[in-house]
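Student: One structure is given below, represented as structure tokens, and several questions about it will come after.
The values are calculated or read from the model by the stated rules, or taken from the named source; none is laboratory data. Please read these numbers as outputs of a predicted model, since none were measured by experiment. Here the Cβ positions follow ideal geometry from the backbone for every residue, glycine too, while neighbour counts run over all protein chains shown.
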Amino acid sequence: MNPKMLLQLKEHWSRFQMDHPKVVPFFHAVGEQALVEGSVFDIKVTTPDGRVLESNIRLNQNDIETLGMLMKKKD
């Protein structure tokens, strides 16, 4: 990634956090309490026209390791 793109990403992330202040604490809580094998992540998106898209995954050990690596990457 080039430095300009990283700077833009940082700016967008800061704005996202200001617009949605509950998201980051939620993900911290998930990381501390729910990253265990067998936990189920349910994802649901409702579009402005009312369409609903849903999916879920049951975490396995590989998922936990991958998410752990991603979480350490941000530090």
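Student: Report the residue count in region 14-36 for those that are assigned to a loop (DSSP other than H, G, I, E, B), surrounded by 10 or more Cβ atoms within 10 Å (Cβ to Cβ) and at pLDDT below 95.
Tutor: Within region 14-36, residues that are assigned to a loop (DSSP other than H, G, I, E, B), surrounded by 10 or more Cβ atoms within 10 Å (Cβ to Cβ) and at pLDDT below 95 number 2.
Student: I'm trying to understand the selection: among the residues of region 40-60, which are surrounded by 10 or more Cβ atoms within 10 Å (Cβ to Cβ) and either more than 15 Å from the chain's Cα centre (by Cα) or in a helix (DSSP H, G or I) (or both)?
Tutor: Within region 40-60, THR46, ARG58, ASN60 qualify.
Student: Would you mind stating whether LEU35 is under 27 Å from LEU6 (Cβ atoms) and in contact with a helix residue (DSSP H, G or I) (Cβ under 6 Å, 6 or more places away or on another chain)?
Tutor: It is true that LEU35 is under 27 Å from LEU6 (Cβ atoms) and in contact with a helix residue (DSSP H, G or I) (Cβ under 6 Å, 6 or more places away or on another chain).
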